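The structure appears below as structure tokens.
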Amino acid sequence: MKTEQHAAPSGPVFNSVKEVESSTKTRMEKALSDLQHEMATIRTGRASLSILDNLRVDYYGTPTPLNQVANLHVPEPNLITIQPWDVSQIGLIEKVIRTSDLGLNPANDGKIIRLPIPPLTEERRKELVKKLHHVAEHHRVAVRNVRRDGNEAVKKLAKDKKITEDDDKKAHDEIQKMTDTYMDKIDAASKTKEKDILEIR
């Protein structure tokens with residue numbers, strides 16, 4: 001039996017500069033929204049439910065997000081309450097919080113977990129800012145990689161004679177402009193978050 005030989009696909013195939021630019025913008029936008037989501041899980045001096053976003057509880061053998069096994073509330077600026085739907089899970093939820101890198105100390109009364117959010121120490125603030133810088137840099141690299149892919153795709157269009165030299169140059173300029181815009185957005189988001197972490201309340 002004769003088997004057909006298929007070349008391995010090397011990423012998406014673009015037929016126009018417009019397609020390349022659209023794909024580049026979508027991917028850069030995704031890098032920015034990923035950054036915003038990841039930054040939300042870094043705590044500040046205020047209680048915020050998003051710091052619990054990355055925690056998973058082993059719910060009958062399935063790692064499940066906390067907000068799918070309990071009601072979460074912020075009754076005060078420095079307190080989160082967690083009320084499990086199934087009280088037999090309370091010890092497990094408490095353990096997950098204790099062993100996470102949040103550095104928080106939960107307490108439960110058998111029905112509800114109270115999670116005080118203590119003010120951040122100077123040292124903890126510095127650690128969190130360091131973590132923030134690392135997260136932001138990771139997403140800057142992601143945007144640079146998207147730029148590289150976009151430029152490669154444009155070069156291929158030029159090589160395949162699908163666009164003129166002039167189009168090629170314009171597309172490279174446009175992709176650089178996009179890159180600068182998203183780098184600025186990442187810097188601005190990171191600065192705002194840093195200010196939030198360092199703000200003493």
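Filtering Arg148, Arg114, Arg124, Arg98 for residues that are assigned to a helix (DSSP H, G or I), on the phi < 0 side of the Ramachandran plot and touching a residue at least 12 places away in the same chain (Cβ under 8 Å) leaves a single hit, Arg124. Collect the residues in the stretch 51-85 that are free of Cβ contacts under 8 Å to residues at least 24 places away in the same chain and surrounded by fewer than 13 Cβ atoms within 10 Å (Cβ to Cβ), keeping them in residue-number order. Tyr60, Gly61, Thr62, Pro63, Gln68, Asn71, Pro75, Trp85 - these are the residues of the stretch 51-85 that are free of Cβ contacts under 8 Å to residues at least 24 places away in the same chain and surrounded by fewer than 13 Cβ atoms within 10 Å (Cβ to Cβ).
Taken over the stretch 27-42, the residue count meeting the criterion of being outside any helix (DSSP H, G or I) and either among the polar types (S, T, N, Q) or surrounded by fewer than 17 Cβ atoms within 10 Å (Cβ to Cβ) (or both) is 1. When we screen Thr179, Thr192 for residues that are surrounded by 17 or more Cβ atoms within 10 Å (Cβ to Cβ) and of a type in the set (Ser, Thr, Tyr), the only hit is Thr179. Any chance the stretch 89-109 includes a residue that's under 20 Å from the mean Cα position of the chain (by Cα), surrounded by fewer than 17 Cβ atoms within 10 Å (Cβ to Cβ) and modelled with pLDDT of 95 or more? Taking every residue of the stretch 89-109 in turn, none turns out to be under 20 Å from the mean Cα position of the chain (by Cα), surrounded by fewer than 17 Cβ atoms within 10 Å (Cβ to Cβ) and modelled with pLDDT of 95 or more.
Among the residues of the stretch 18-38, just one is at pLDDT below 95 and either among the acidic types (Asp, Glu) or assigned by TED's automatic domain parsing to the domain that holds His73 (or both), namely Glu38.
Here Ser50 clears all of (1) small (Gly, Ala, Ser); (2) in a loop (DSSP other than H, G, I, E, B); (3) within 25 Å of the chain's Cα centre (by Cα) except the condition numbered (2). Among the numbered conditions (1) crowded, with 17+ Cβ neighbours inside 10 Å; (2) under 12 Å from Val17 (Cβ atoms), the only one that Val143 does not meet is (2).
The values are calculated or read from the model by the stated rules, or taken from the named source; none is laboratory data. Please read these numbers as outputs of a predicted model, since none were measured by experiment. With ideal geometry, Cβ positions are generated from the backbone for all residues, glycine too; neighbour counts draw on all protein chains shown.
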